[in-house]
Amino acid sequence: AAGVIQSPRHLIKEKRETATLKCYPIPRHDTVYWYQQGPGQDPQFLISFYEKMQSDKGSIPDRFSAQQFSDYHSELNMSSLELGDSALYFCASRQLGGSNTGELFFGEGSRLTVL
Amino acid sequence: GENVEQHPSTLSVQEGDSAVIKCTYSDSASNYFPWYKQELGKRPQLIIDIRSNVGEKKDQRIAVTLNKTAKHFSLHITETQPEDSAVYFCAASEGGADGLTFGKGTHLIIQP
């Protein structure tokens, strides 16, 4: 079965650089979420999209932005990177409508290291 | 916003014994409570979830209970096995497209 695809899996950047992470949700899933997980920490909710519209916003820094495109894939853009941005970034998707359970499926994550 | 407290942070049990992890939440509007298992460097994986219209749910060796009045929910794992060793996170949300608020996690260690 198709899963949530994230790219790149690993990314190394310098401070003050910019990074873009991509997420391809499971086909027919209408909702995408982004989470940030620092080492030894719990996942922190950043932002979500439902049917390509921003739906909920969590602890996303102003330096970060995200969008969901017409094909439902999503991108997380991070600018002016700081050392503290080093983390695992997870994308997750679910289908809110329909008769399924609405289970949230996580991608494998993108590991960002800021030097 | 929602705040989820999780205890204990580390739990060590003998193989075959039961393990219980407890969480409390603050937002009475929350109505969806999933539990995730995460192995080091891997993605969180849903092991069981419960919605506010249900008090208890069981799936083989795993069960979750919810007390909406007290705003707490618990994960119960019976007959623990070495492969149960991982970090477990509880979470809460109002459902829909709202993001999950996670607890800080419990490192479960199964002693052989």
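The values are calculated or read from the model by the stated rules, or taken from the named source; none is laboratory data. Since we're looking at a predicted model, the values are computed, not measured. Don't worry about glycine lacking a Cβ; one is built from the backbone with ideal geometry, like all the others, and counts go over all protein chains shown.
The condition (being free of Cβ contacts under 8 Å to residues at least 60 places away in the same chain and within 12 Å of chain A (Cβ to nearest Cβ)) is satisfied by just one residue among B:Leu40, B:Leu100: B:Leu40. Taking the criterion of being acidic (Asp, Glu) and more than 10 Å from every other protein chain (Cβ to nearest Cβ), no residue of the stretch B:43-52 qualifies. Residues satisfying the criterion are absent from the stretch B:53-75 (criterion: at pLDDT 95 or above, in a loop (DSSP other than H, G, I, E, B) and within 14 Å of chain A (Cβ to nearest Cβ)). Annotation: of all residues in the stretch B:86-112 being more than 24 Å from B:Ser26 (Cα to Cα) and over 14 Å from the mean Cα position of the chain (by Cα), the one that is surrounded by the fewest Cβ atoms within 10 Å (Cβ to Cβ) is B:Pro112. Do we find a residue being in a loop (DSSP other than H, G, I, E, B), facing another protein chain (nearest Cβ under 9 Å), under 23 Å from B:Asn3 (Cα atoms) and not acidic (Asp, Glu) anywhere in the stretch A:19-35? Scanning the stretch A:19-35, I find no residue that is in a loop (DSSP other than H, G, I, E, B), facing another protein chain (nearest Cβ under 9 Å), under 23 Å from B:Asn3 (Cα atoms) and not acidic (Asp, Glu), so the answer is no.
A count restricted to the stretch A:56-115 and to residues that are out of contact with any Phe, Trp or Tyr (no Cβ under 9 Å at 6 or more places or on another chain), assigned to a strand (DSSP E or B), in contact (Cβ under 8 Å) with a residue 60 or more places away in the chain and more than 27 Å from B:Trp35 (Cα to Cα) stands at 2. Taking the criterion of being more than 9 Å from chain B (Cβ to nearest Cβ) and closer than 22 Å to B:Gln45 by Cβ, the residues of the stretch A:36-61 that qualify are A:Gln36, A:Gly38, A:Pro39. For the stretch A:64-85: of the residues being away from every other protein chain (no Cβ under 14 Å) and touching an Asp or Glu at 6+ places or on another chain (Cβ under 8 Å), which is surrounded by the most Cβ atoms within 10 Å (Cβ to Cβ)? Ranking the candidates gives A:Met78 first.
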